[in-house]
Structures are given as structure tokens and as C-alpha cells.
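Structure incoming, see below.
FYI, it's all coordinate maths here, none of it is from the lab. Not measured: the values here are computed from a predicted model. Cβ coordinates were reconstructed from backbone atoms using ideal geometry, including for glycine residues, and neighbour counts include every protein chain displayed.
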Amino acid sequence: MAPYINIPPITRALLICLVTFSVLNGFARYHAWQQDGSAVLIDRRYIAPYLTIVPGKSLPRFPWAFVTATFVEQNIAGLVITGASLFYGGRYLERAWSSNEYVKFVLIAVLVPNVLSWLIYIITHIVTGNEGAS
């Protein structure tokens, strides 16, 4: 009989999102690297603007990227560390609080830093006039 691991529903959904979006990002980056045109080249890395935040491209065309960017990891080490943190921390917090409170916490912890970092990029672009900042 296989061991049973009890994972609360919101934590399970977030773990599935983390793995799914990270794998999709890996495939998108590989595909863009092969075709060299469907993704954005930043610092010699291919970035998929429909999953991660690219300041000049995310908001007008891909507003959902402000949520999905949190669940995208660029490498295996980050995926393992984020997955373990989400597994242990999410399991504890979802049981200590209710699922509704945990969802509110995750939405605030996801949206506020992403929107603030996007605003900082936009303000930097306006102040400096540097095209690389947008």
C-alpha cells in the first residue's frame, strides 16, 4: 500500500500550479530558443512574457502574468526549494488558518510585490528614459 500524504486542497492546487507553470515556462523558453522570436531575450535568457512579468509587455497583453509569475521557477533548484517551502509552509498555514484566509494571504503575498516591482520598472523608465528599463 502506498503511503498517504495529507495535503490540504489550496496547498495542493498551489503546488500543481508551481510545477505546471514552471514546466510550461521551460518548454516555452526552449521553443523560443529554437525559433528565436516568440520570447523576449533579456540578459542572454529567453523569457516568456505570457507567464512572467516583462515590464513593457505584461500589462497590456498578459495581465494574468502578475499572478502566474510567482509560480514560475527558472531552474530545478529553485523549483525544489519553492516546492518544499510551499508544501511545508502551506500545509501548516492552511491548517492553522482556514482555507479562505490562506487564499487571501497568498493573493496579497503574490500580487503586491509583483505590482510594486512593475511600478518601479515603469517609474525607472520614465525617470531615466532608458528603453532597457521598460
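What order, most packed first, do the peptides 114-120, 22-28, 3-9 have when packing is the mean number of other Cβ atoms within 10 Å of each residue?
In decreasing order of mean packing, 114-120, 22-28, 3-9 become 22-28, 114-120, 3-9.
Please arrange 121, 92 by how many other C-beta atoms lie within 10 Å of their C-beta, fewest to most.
In increasing order of surrounding Cβ atoms, one gets 92, 121.
Got a sec? How would 104, 57 order by Cβ neighbour count within 10 Å, fewest to most?
104, 57
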